[in-house]
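Read through the structure below, which is laid out as structure tokens, and then see the notes.
The values are calculated or read from the model by the stated rules, or taken from the named source; none is laboratory data. The structure displayed is predicted, hence computed values, not measured ones. Every residue, glycine among them, receives a Cβ derived from its backbone with ideal geometry; neighbour counts consider all protein chains shown. Note: accessible area is taken over every heavy atom of the protein model, side chains too, but ligands, DNA and RNA are not part of it. Shrake-Rupley method; radii C 1.70, N 1.55, O 1.52, S 1.80 Å.
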Amino acid sequence: MKWQIAAGLFLVLGLIVLTLGLALNEMPRMELFKASNDARTVEAGASLFENNCRSCHGPQGKGIEGVAPAINAADLYDGSRLAAIGWSGTTDNYVRNVIAAGRPVPSAGTNYPQRMPTWSQRYGGPLRDDQVDSLVAFIMNWEDRALAEGGGAAPPTVVEGAVGTDLAQPLPAGDPERGKQLAEGSLGCSGCHVLAEVGPAWMASGDQPGIGARAESRFAQDDYTGQASDAQQYLVESVVQTNAFIVSGYQPNIMPQNYGERLTAQDLADLIAYMNSLR
Amino acid sequence: MAIFRMHIPFLDEVKAKGLRQAGRAKADDIVTRVTAGLNPSDVRGLLRDDAPGRPNPRLTPHAEGFWLHMRPTYYHTLVDGLYPTFRLGWLATFFFVFEIITGVILMVYYTPSPNAAFENMLNLLGNVFLGSTLRDLHKLGAEAMVLVVALHMLRTFVTGSYKKPRQFTWATGIILLGVTLFLSFSGYLLPWDQLSLWAVTIGASMVEAFPPEVVGQTMNLIVRGGPEFNADGLLRFYLLHVVLLPFIGLIAFGVHYYKVIHHGHSLPPGSEKVGEDTAKRVPMDSRVYFMPKIITRELFYIVALMFLFLAAATFFYEAPLEVKADSLITPLHTTAPWYFLWLQGMLKLGDKVIWGVIVPTVLIGLLLVLPYFEVGPSRRYGDRRLGLSLAALSVAAIAVLSFMGTPWYGVSTSAEQEAVATLLPQTHPGPLREAEWEALQLGSFTASEYASAPNAEMAALLESFHEEVERVNDEARSEAEGVMVIEDWQTDLKKVTLRVIWTNLVDGSPGEYSQVVFLHRQAAYDRGGGS
């Protein structure tokens, strides 16, 4: 019994020492926990991005022209993109809101006519709040490198010797291979006409032939409202005067109307040669 | 006439005897009241272990006080040692109280909602002072309690203490065993992480099998609050955990302990004649009085256990927390909690209705009424060869079934998945996440060339990956190879792809399986923490 009293008192002392030691270490421990939890939030966000965002915003969030803008770009973090659209909050807030609520209306005047879907469960999307938080943490983790690298979504450039909007002008001989590169590259055509069906599909599917074959008859249809008098003019018109004729089932003003200023005659000829090759 | 008259007798005493005398008398009085009958000199004698006077003043608190009236005034020397009780019943009581105290504090930081529960855990671990210690203690105490209660039952069986007149004590003990298991099980769900959701989902899966179908489905709905665990199910488990089960537990414990004291602790089987029960007839020279010996020992045990558990929680144990629960993603190798693994093992034996419902129900029913049909008079080991053999067999069966409940038995996952899961398990962090972040060199590494890995850490990872990838080769596949690709992904973030490639022997076509993980410099899986 005596040893139990002695050992008990000794252990009470031990308990006090242990608790004190724990208490002294508690603040740094909680800081470490929060740091590691933040780190794991970024990890979770990276996985979510790969599974949900990468297909439109591109590998490493570099963007896909015509589909979805770059996120991993300096202009998002240096404030210029926010200023351009009149967002007065922080980038963090902007990113969170766009992910959560999406963009119900495509951004007018940009090369991105697709809508950003809503992702938060609060707005009918698939992601929980903590998953939206993870995505934001991952995206905001690009900030340092994006600012260091510079660059970003440059506004569509107006080229020297642009082709304009005249349907009847003669075009040089086109190269379908180069046209394909243009369509899939900086012009972003494939974003809406190949990868997604925001605009009429170019490729043949089912019993519908490709765009090249359809152009040959469309200008002669009764409901046609444009000025084209042959297949080539029809394709030129649909690129540079985008609202002249809207194929039934699609909306006006979705396709950017500035391709006349962005393309040279050679670019347009190559593009049309590519479209003509799709039958 | 005064409406209100105040009289302080102490002042009269002071007036009569002087402050010093009156103060001393008052202090003595207070001590006697607090101890429910022991004056200071009795207490001093108690602490010094002096021989008590006659009549023994140390018996008064048992008669006068509430707490000690529940405890016997003396025990038989034969049950005072570690054998035959091993103090298991006392330990179970200790953990019950321990869990109530830690649990009530944890309740302060908890909201039973899928939108808040997991975030509450992060808050508890990251913002609440000593919150993580509290959680570790509660979890560790729960595991210990399950073990102790199960051993208590085993001990009671082995010493034959369930026999007449203690049949009902045994039955209430079985109820307490159930309460303990379900307390632990219902608490398992509350953190609302992947581990808890899926362990409980598996544990609760046999409810649905209850025949006939309509009953099973209804019971399943009642338990889960819907087709699968969500807000309603979490709330139900929470209320079970903090209200209903503790309530049933307290009542069953009250009855159980009353019966224990009423019949006396059963003596070691060999110490009395067959068919006799002499526990209540304790000769004067065989009495060990509660005060001072037993109470001193119990206080010592309490302090020692608290020290032990605090030390364990500080240095060795961290209650696990996986990522937030997601009912759409079932992690590979999910299991029920360890004390229900035997059930999961039984489910693998065949029909869910037979092995998941009928057999467990019959077994528990048999256990409950065991003392009413097993009426052999002798408690001696030599006379109970069959019963003791059955007990040993049951323990072995539970062990084997528990092993069968683990993913290592009878789960057919593909070898390539298993190979990736060796480095990247889905139920705990595992070697890749726990590896030194800096040691993961960028580049593409072939598992079989682990010897030429850039450092020892990666060599170890690649070697264990390689060993598992070897198993992909079978009669249908060959040339299996593991590849680990490490890319720089973001500031402080690396992307690691584990890929298994092989050649299908039938048509020579290549096969591939891969999994990606992102690892952050500060994620610190090696020291627990995080979510």
Item to check | Per-residue ³J(HN,Hα) for region B:314-325, Karplus 6.51 cos²θ - 1.76 cosθ + 1.60, θ = phi - 60°, Hz, x for Gly and Pro | outcome: 6, 9, 10, 10, 9, 4, x, 8, 8, 6, 4, 4
Item to check | Positive-end extreme of charge dipole, chain B - chosen from B:T133, B:N115, B:N504 (charges on Cβ) | outcome: B:T133
Checklist entry - Computed FRET efficiency, Cβ-Cβ of B:W90 and B:Y409, R0 30 Å: what is it to the nearest 0.05? => result 0.25
Checklist entry - What's the average, rounded to a whole number, of partner chain beta-carbon atoms within 10 Å of each residue's beta-carbon in B:20-27? => result 0
Checklist entry - Excluding same-chain residues fewer than 8 positions from B:K494, which aspartates and glutamates have a Cα within less than 17 Å of its Cα? => result A:D38, A:E43, A:E50, A:E143, A:D144, B:E434, B:E436, B:E438, B:E457, B:D526
Checklist entry - 222 nm [θ] for chain B, helices only, -39500 (n - 2.57) per DSSP H run of 4+, per residue, to 500? => result -16000 deg cm²/dmol
Checklist entry - Using modelled amide H (1.01 Å from N, peptide plane; none on Pro or chain starts), what sits under 5 Å from the amide H of A:L127, excluding residues fewer than 5 places away? => result A:S120, A:Q121
Next on the checklist: Please compute the per residue accessible area over region A:54-149 with all protein chains in place, 1.4 Å probe, rounded to a whole number of Å².
Outcome noted: 48
Item to check | Euclidean distance of C-alpha centroids, region B:125-144 and region A:82-128, integer Å | outcome: 40
Item to check | In sequence order, calculated HN-Hα J values of region B:61-78 (Karplus, 6.51, -1.76, 1.60; Hz; x Gly/Pro) | outcome: x, 5, 8, 8, x, 5, 5, 7, 5, 7, 9, x, 6, 8, 10, 7, 4, 5
Next on the checklist: As a test of the definition: with a 1.4 Å probe, what buried accessible area, both sides summed, do you compute for B against A, in Å² to the nearest 100?
Outcome noted: 4000
Checklist entry - From the residues A:G79, A:T118, A:P59, which one has its Cα farthest along the dipole of region A:54-149 in the positive direction, the dipole being from +1 and -1 charges on Cβ of Lys/Arg and Asp/Glu about the Cα centre? => result A:T118
Checklist entry - When the Cα centres of region A:193-241 and region A:6-33 are compared, how far apart do they sit, in Å? => result 77
Item to check | Residue-normalised accessible area of region B:243-383, given per residue in Å² at a 1.4 Å probe | outcome: 53
Checklist entry - So which residue, out of A:A23, A:A84, A:A244, gets the largest mean-square fluctuation from a GNM of chain A using Cα contacts under 10 Å as springs? => result A:A23
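Here are some pairs, B:K139/B:K495; A:K180/B:K495; B:K273/B:K293; B:K139/B:K324; B:K139/B:K293; which of them have Cα atoms lying more than 22 Å apart in this structure? Intermediate results must be reported in sequence, preceding the final value.
Details: B:K139/B:K495 34 Å; A:K180/B:K495 32 Å; B:K273/B:K293 28 Å; B:K139/B:K324 18 Å; B:K139/B:K293 32 Å.
Over 22 Å Cα-Cα: B:K139/B:K495; A:K180/B:K495; B:K273/B:K293; B:K139/B:K293.
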Next on the checklist: Accessible area of region B:322-380 with a 1.4 Å probe: how many percent of it is carbon plus sulfur?
Outcome noted: 75
Item to check | Efficiency of FRET between A:Q169 and A:M203 - r from beta-carbon atoms, R0 30 angstrom, step 0.05 | outcome: 0.60
Checklist entry - With the contact rule set at Cα under 8 Å and sequence spacing of 6 or more, what percent relative contact order holds for chain B? => result 14
Item to check | region B:1-89, Cα convex hull volume normalised per residue, Å³ | outcome: 171
Next on the checklist: Just to be sure I understand the curve: with the Debye formula and one point per C-alpha of the protein assembly as shown, what is log10 I(q)/I(0) at q = 0.10 Å⁻¹?
Outcome noted: -1.21
Next on the checklist: Cut-off under 13 Å on the C-alpha distance; same-chain residues fewer than 8 positions from A:K34 excluded. Which aspartates and glutamates are left, in chain and number order?
Outcome noted: A:E26, B:E119
Checklist outcome for this item: Per residue of B:268-276, other chain Cβ atoms within 10 Å number on average 0
Checklist entry - Assigning unit charges at the beta carbon (Lys, Arg +1; Asp, Glu -1) and nothing else, what dipole magnitude in debye, to the nearest 20, does region A:54-149 show about its Cα centre? => result 380
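Take the alpha carbon gyration tensor of region A:176-277, find the square roots of its eigenvalues, order them as a ≥ b ≥ c, and report rounded if a/c is under 1.5; if not, report prolate when a/b exceeds b/c, else oblate.
Verdict is rounded for region A:176-277.
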Item to check | 3J(HN,Hα) from dihedral phi, region B:273-281, Karplus parametrisation 6.51/-1.76/1.60, rounded to Hz, x for glycine, proline | outcome: 5, 4, x, 9, 10, 10, 4, 8, 9
Checklist entry - Using alpha-carbon pairs under 8 Å, 6+ residues apart, how would you state the relative contact order of chain A in percent? => result 20
Item to check | Residue-normalised accessible area of region A:176-277, given per residue in Å² at a 1.4 Å probe | outcome: 46
Checklist entry - Can you list the trypsin sites (Lys or Arg not before Pro) in region B:436-531 that are in a DSSP coil and have 16 or fewer other beta carbons within 10 angstrom? => result B:R521
Item to check | Amide H contacts of A:M116 (H built 1.01 Å from N, under 5 Å, at least 5 apart or other chain) | outcome: A:R103
Item to check | For region B:238-308: Kirkwood Rh in Å [reciprocal of mean 1/r, alpha carbons] | outcome: 15.5
Checklist entry - Averaged over peptide B:121-128, how many Cβ atoms belonging to another chain are found within 10 Å of each residue's Cβ? => result 3
Checklist outcome for this item: Shape descriptor, chain A: equivalent ellipsoid semi-axes (Cα gyration tensor, sqrt 5λ, whole Å, largest first) stand at 58, 19, 15
Checklist entry - Gain in length, B:T361 to B:H69, computed as 0.36 nm per residue apart minus the alpha-carbon separation, to one decimal in nm? => result 101.3 nm
Checklist outcome for this item: Taking region A:54-149, the whole-percent share of alpha-carbon pairs separated by over 19 angstrom is 40
Checklist entry - In debye, nearest 20: dipole of region B:210-350 around its Cα centre with unit charges on the Cβ of K, R (+) and D, E (-)? => result 480
Checklist entry - 222 nm [θ] for chain A, helices only, -39500 (n - 2.57) per DSSP H run of 4+, per residue, to 500? => result -15000 deg cm²/dmol
Checklist entry - Quick one: helix A:231-240 against the long Cα principal axis of chain A, what's the angle to the nearest 10°, folded into 0 to 90? => result 40
Checklist entry - Put a dot 7 Å past each Cα toward the Cβ at A:Y250 and B:I354; how far apart are the dots in nm? => result 6.5
Next on the checklist: Give me, ordered by chain and number, the residues 5 or more places off B:W489 or on other chains with an amide H under 5 Å from its own placed amide H.
Outcome noted: B:K494, B:K495
Item to check | For region B:165-220 and region A:37-51, distance of Cα centres in Å | outcome: 35
Checklist outcome for this item: Dipole check, chain A, charges on Cβ (K,R +1; D,E -1), about Cα centroid: among A:L48, A:Q257, A:P69 the Cα furthest to the positive pole belongs to A:L48
Checklist entry - Of the listed peptides B:60-69, A:127-136, what is their order by residue-averaged count of other C-beta atoms within 10 Å, with the highest listed first? => result A:127-136, B:60-69
Checklist entry - Where the only charges are on Cβ atoms (+1 Lys, Arg; -1 Asp, Glu), what is the dipole of chain A about its Cα centre, to the nearest 20 debye? => result 1120
Item to check | Buried on assembly, region A:1-22 (at least 40 Å² less accessible surface than by itself, 1.4 Å probe) | outcome: A:M1, A:Q4, A:L11, A:L15, A:L18, A:L22
Checklist entry - To one decimal place, what orientation-averaged projected area in nm² is obtained for the convex hull of the Cα set of chain B? => result 38.9
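Counting pairs of alpha carbon atoms under 8 Å apart in space and at least six apart in sequence, what relative contact order in percent does region B:119-265 give?
26
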Item to check | Helix axis angle, B:359-373 relative to chain B longest principal axis, alpha carbon, degrees | outcome: 20
Item to check | Qualifying aspartates and glutamates (Cα of each under 17 Å from Cα of B:K163; at least 8 residues distant if same chain) | outcome: B:E272, B:E276, B:D277, B:E374, B:D383
Checklist outcome for this item: Of every hundred units of 1.4 Å-probe accessible area on region B:139-289, the number belonging to carbon and sulfur atoms, as a percent, is 71
